[in-house]
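As structure tokens, the structure follows; a few thoughts come after it.
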Amino acid sequence: MAILEVEHLHKAFGGVVANADVSLQVPEGKIVGLIGPNGSGKTTLFNSIVGQHPIDSGSVRFQGREISRLRVPAIARLGMLRTFQQTRIYGGMNCLENMEISTPRARPSLHSLFGRVPAAITEKAEGLLQFVGLYAKRRLLAGDLSFGQQKLLEFAMALMSEPKLLLLDEPTAGINPTLIKGLVDRLRRANEEMGISLLVIEHNMNVIMNLAEHMYCLAHGQLLAEGTPEAIRDNPLVIDAYLGAH
Amino acid sequence: MNPRLRLLFYLALLAVALAAPYIVPAIRTQMSFLWVMIVFALTWDVLGGQMGYNSFGNVLFFGVGMYTCVMIQQHAGLPYFPGLFIGMAAGGAMAMAFAAALGWGILGLRGHYFAIGTLGLGIAAAEFAGGWDYIGAGSGLVTPLYPGAVGGRETFFYYVAFAVAVVTFFTLRRIYAGRFRLAINAIRDDEDKAEAMGLHTTLYKTVAWMIAALFLGLIGPVAGNIIGFIDPRDVAFATSSYGVWMLLMAILGGKGTLWGPVIGAVIFHITQELFWTYLLGWQRVALGLLIVLIVVFFPMGIMGWVRERWPERFGQRVDEGAGGAG
């Protein structure tokens with residue numbers, strides 16, 4: 001069963017058509033890649049899916065439920081989270097606090113509003129910081145971390161809130177090669193061990209070819225091709241629009 | 001600071017505060033206003049410092065609490081003290097209700113737009129109160145006569161103001177120790193991210209404003225009864241004095257810290273009183289200069305500067321023994 005189903009999604013900004021008749025699916029528990037040239041509408045598609053802006057037509061279903069009319073916080077609480085291309089963390093708080101406030105959101109009670117952070121949450125936060133290699137820096141302000149470390153922190157925050165589906169917008173952009181290997185490893189482990197489905201926008205072909213089981217390629221707001229990584233790599237349309245001749 | 005030292009520090013402060021009206025009875029009223037100023041700065045900082053929403057309209061809650069209480073004191077037919085305390089409670093509740101109602105509308109505004117949106121609140125309330133005959137219109141209200149001995153009034157209200165300030169401080173201290181501070185700090189640092197993580201941002205913002213309003217609604221009646229006369233423009237909804245001082249004191253002491261607003265309020269209030277005493281005629285000019293100096297030289301405030309200087313003292317350090325690279 002598909003955890004995310006996008007059908008005939010259409011989104012235009014004035015006369016600029018950012019997404020035209022886009023359909024894609026993320027099967028439960030799988031990793032799906034999304035590639036395409038700059039400006040092809042990948043991030044707009046993410047924004048449409050997570051409720052950042054209203055879509056013009058089409059449908060977005062999450063676990064079989066229509067969500068195209070819901071707004072960002074409501075969709076996040078259902079268990080679909082996104083990370084940002086320009087990494088976003090809470091810069092004035094330390095790493096541990098960033099994690100502690102990223103728990104899954106139930107309806108808030110008086111206790112959850114004013115209570116202290118439960119020990120179990122702190123423990124889990126520390127465990128996940130260990131997982132991404134930031135445990136030693138847990139008391140540093142997140143704003144003082146390097147860009148790559150902030151990306152890892154943002155990823156850890158996403159894991160902290162136990163999403164069912166995670167939309168990652170260029171998770172390896174601006175990260176050094178050694179760290180990329182570690183990050184890819186952690187993405188795969190999050191998928192396998194925590195059962196989180198992933199939809200990943202990525203420009204690094206090595207990374208996405210390795211990671212994804214199924215891929216989509218966008219160009220000029222339209223779906224150009226889909227298939228296995230190998231099929232995408234050898235597709236003449238994709239080579240022409242995006243990859244270029246080797 | 002270790003717990004025993006901290007307890008000692010609090011006890012010493014308590015002793016000084018309790019003894020003060022007997023040590024220097026001549027300045028009881030000025031000292032009462034010190035507690036009022038501390039409540040101003042602390043409550044302003046809930047939104048302005050911890051949540052990143054700079055409000056110019058918080059004085060509204062101060063005035064609403066003041067009017068509510070004095071109306072009850074005058075019209076409910078209760079003896080003096082029950083009337084005062086029930087009035088204070090009603091003032092706090094009314095201020096919270098105002099914050100809840102306004103919050104749904106105005107807290108949707110971000111950044112500068114919120115600041116500008118709130119700027120009109122106090123001014124509009126002053127115009128409104130100044131035109132409403134039932135609450136005295138432009139000639140304001142006079143508080144009931146204190147029934148005790150002559151001179152007892154100043155001491156009594158000193159302790160009431162002190163009690164409200166202490167309750168405000170420790171309530172905020174408790175709230176800041178928990179998840180609530182993390183949530184409003186997250187809103188301050190990146191509200192879009194907080195929404196994307198599913199945080200109930202509207203709820204947190206409204207509740208934060210209601211907390212600030214509650215304590216302003218409690219201290220308003222105290223200030224009104226100390227002054228004895230409620231003028232809609234110069235006392236209750238004094239946007240250009242109290243309304244602006246609130247944020248100046250919090251900024252001077254250090255936004256987003258617990259002690260910053262307290263320190264800022266103490267320094268600001270003492271400086272201001274000295275200006276009134278020694279620079280009479282020029283006090284407004286001196287105060288204006290002080291404000292400029294605060295904004296230029298202490299944009300992060302005293303506590304903010306200290307934290308920048310010694311971050312390890314505030315727990316910001318790498319855990320050497322823990323290993324693990326990033």
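The values are calculated or read from the model by the stated rules, or taken from the named source; none is laboratory data. Note that the structure is predicted; figures quoted are calculated from it, not measured. Counting neighbours? That spans all protein chains shown, and the Cβs are built from the backbone with ideal geometry, glycine included.
Within the set B:Ala89, B:Ala41, B:Ala95, B:Ala99, the sole residue that is more than 15 Å from the chain's Cα centre (by Cα) and among the hydrophobic types (A, V, I, L, M, F, W, C) turns out to be B:Ala89. Within the range B:148-166, identify whether any single residue is assigned to a helix (DSSP H, G or I), within 14 Å of another protein chain (Cβ to nearest Cβ) and buried (at least 19 other Cβ atoms within 10 Å of the Cβ), and answer yes or no. No: zero hits.
Identify all residues within the range B:183-194 that are outside any loop (DSSP other than H, G, I, E, B), farther than 12 Å from A:Thr83 by Cα, of a type outside the set (A, V, I, L, M, F, W, C) and within 7 Å of another protein chain (Cβ to nearest Cβ); write none if there are none.
Scanning the range B:183-194 gives B:Asn185, B:Arg188, B:Asp189.
Candidates B:Met246, B:Met210, B:Met197: the one that is within 14 Å of another protein chain (Cβ to nearest Cβ) and either closer than 25 Å to B:Ala125 by Cβ or touching a residue at least 24 places away in the same chain (Cβ under 8 Å) (or both) is B:Met210. Considering the conditions (1) touching a strand residue (DSSP E or B) at 6+ places or on another chain (Cβ under 7 Å); (2) buried (at least 16 other Cβ atoms within 10 Å of the Cβ); (3) more than 9 Å from every other protein chain (Cβ to nearest Cβ), A:Phe84 is excluded by exactly one of them, (3).
Just one residue in the set B:Ala100, B:Ala129 is modelled with pLDDT under 90 and of a type in the set (A, V, I, L, M, F, W, C); that residue is B:Ala129. From the set of residues in the range B:45-65 that are closer than 13 Å to B:Pro232 by Cα and of a type in the set (Gly, Ala, Ser), which is surrounded by the most Cβ atoms within 10 Å (Cβ to Cβ)? Here the answer is B:Gly65.
Every listed requirement among (1) within 18 Å of B:Ile251 (Cβ to Cβ); (2) buried (at least 22 other Cβ atoms within 10 Å of the Cβ) is met by B:Thr68 save one, (1). Exactly one residue out of A:Ser109, A:Ser102 is under 17 Å from B:Leu182 (Cα atoms), modelled with pLDDT under 95 and facing chain B (nearest Cβ under 8 Å): that is A:Ser102. The numbered conditions (1) free of Cβ contacts under 8 Å to residues at least 40 places away in the same chain; (2) buried (at least 18 other Cβ atoms within 10 Å of the Cβ); (3) hydroxyl-bearing (Ser, Thr, Tyr) are all true for B:Tyr278 except (2). Mind checking whether some residue in the range A:88-107 is closer than 30 Å to B:Trp310 by Cα and among the β-branched types (Val, Ile, Thr)? Taking every residue of the range A:88-107 in turn, at least one turns out to be closer than 30 Å to B:Trp310 by Cα and among the β-branched types (Val, Ile, Thr). Of the residues making up the range A:120-172, just one is aromatic (Phe, Trp, Tyr) and within 8 Å of chain B (Cβ to nearest Cβ), namely A:Tyr135. If you go through the range A:205-222 and keep only what is surrounded by fewer than 22 Cβ atoms within 10 Å (Cβ to Cβ), under 16 Å from the mean Cα position of the chain (by Cα) and assigned to a strand (DSSP E or B), you end up with just A:His214.
Residues in the range B:51-60 include none that are in a loop (DSSP other than H, G, I, E, B) and not assigned by TED's automatic domain parsing to the domain that holds B:Tyr159. The single condition among (1) modelled with pLDDT under 95; (2) over 27 Å from B:Ala194 (Cβ atoms) that B:Asn54 does not satisfy is (2). None of B:Ala100, B:Ala125 is away from chain A (no Cβ under 14 Å) and crowded, with 18+ Cβ neighbours inside 10 Å except B:Ala125.
Matching residues to (1) within 29 Å of A:Thr103 (Cα to Cα); (2) touching a strand residue (DSSP E or B) at 6+ places or on another chain (Cβ under 6 Å); (3) modelled with pLDDT under 95:
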| site | (1), (2), (3) |
| --- | --- |
| B:Leu199 | yes, no, yes |
| B:Thr202 | yes, no, yes |
| B:Met210 | yes, no, no |
| B:Gly220 | no, no, no |
| B:Ala236 | no, yes, yes |
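If a residue must be in contact with a Ser or Thr (Cβ under 9 Å, 6 or more places away or on another chain) and β-branched (Val, Ile, Thr), how many such residues does the range A:69-116 contain? The total comes to 1. Restricting attention to the range B:167-178, which residues are in contact with a helix residue (DSSP H, G or I) (Cβ under 7 Å, 6 or more places away or on another chain), within 14 Å of chain A (Cβ to nearest Cβ) and in a helix (DSSP H, G or I)? Within the range B:167-178, B:Leu172, B:Ile175 meet the criteria. Exactly one residue out of B:Gly304, B:Gly256, B:Gly220, B:Gly228 is within 28 Å of B:Gly63 (Cβ to Cβ) and not assigned by TED's automatic domain parsing to the domain that holds B:Leu84: that is B:Gly256. Residues that are of a type outside the set (Phe, Trp, Tyr) and closer than 18 Å to B:Arg173 by Cβ within the range B:211-227 comprise B:Ile211, B:Ala212, B:Leu214, B:Leu216, B:Leu218, B:Ile219, listed in sequence order.
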